[in-house]
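Each remark here refers to the structure printed beneath this line.
The values are calculated or read from the model by the stated rules, or taken from the named source; none is laboratory data. Note that the coordinates shown come from a computational prediction; the quantities given were computed from them, not determined experimentally. Cβ placement follows ideal geometry from the backbone for every residue including glycine, while neighbour counts extend to all protein chains displayed. Accessible surface is based on the protein model in full, side chains and every heavy atom, while ligands, DNA and RNA are left aside. Shrake-Rupley method; radii C 1.70, N 1.55, O 1.52, S 1.80 Å.
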Amino acid sequence: MPIDIKVPSAGESITSANIARWHKADGGSVRKGEVLVTFETDKVSTEFESPVDGVLHIIVPEGTEVPIGT
């Protein structure tokens, strides 16, 4: 069952974040707790960990600016 990775809120005034780096390759196996992606805003850089074991399917490439919650 797919689990979406959503860009977390970084504060009230932040409306979007940049996908700075995918730490795993598309189609790669991941373990719960492994860092998957780093999001950056003008104020903060946040690493997102995998909530479950599984396979990563990247649909938004590095360098893309995305709205919070996407």
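Taken together, the criteria place Pro67 among residues that are of a type outside the set (D, E, K, R), out of contact with any Lys or Arg (no Cβ under 9 Å at 6 or more places or on another chain) and either modelled with pLDDT of 90 or more or open to solvent by 60 Å² or more (accessible area, probe 1.4 Å) (or both). Every condition in (1) at pLDDT below 95; (2) open to solvent by less than 70 Å² (accessible area, probe 1.4 Å); (3) under 20 Å from Pro2 (Cα atoms); (4) out of contact with any Gly (no Cβ under 7 Å at 6 or more places or on another chain) holds for Thr41 except the one numbered (3). Just one residue in the set Glu34, Glu49 is more than 16 Å from Gly63 (Cβ to Cβ) and open to solvent by less than 60 Å² (accessible area, probe 1.4 Å); that residue is Glu34. Among the residues making up segment 11-47, a single one is of a type in the set (Lys, Arg) and out of contact with any Asp or Glu (no Cβ under 8 Å at 6 or more places or on another chain): Lys43.
Scanning segment 17-33 for residues that are more than 12 Å from the chain's Cα centre (by Cα) and of a type outside the set (A, V, I, L, M) yields a total of 7.
Since Ile58 meets every condition but one in (1) among the β-branched types (Val, Ile, Thr); (2) open to solvent by less than 60 Å² (accessible area, probe 1.4 Å); (3) touching a Pro at 6+ places or on another chain (Cβ under 9 Å), which condition does it not meet? Here Ile58 meets the rest and fails (3).
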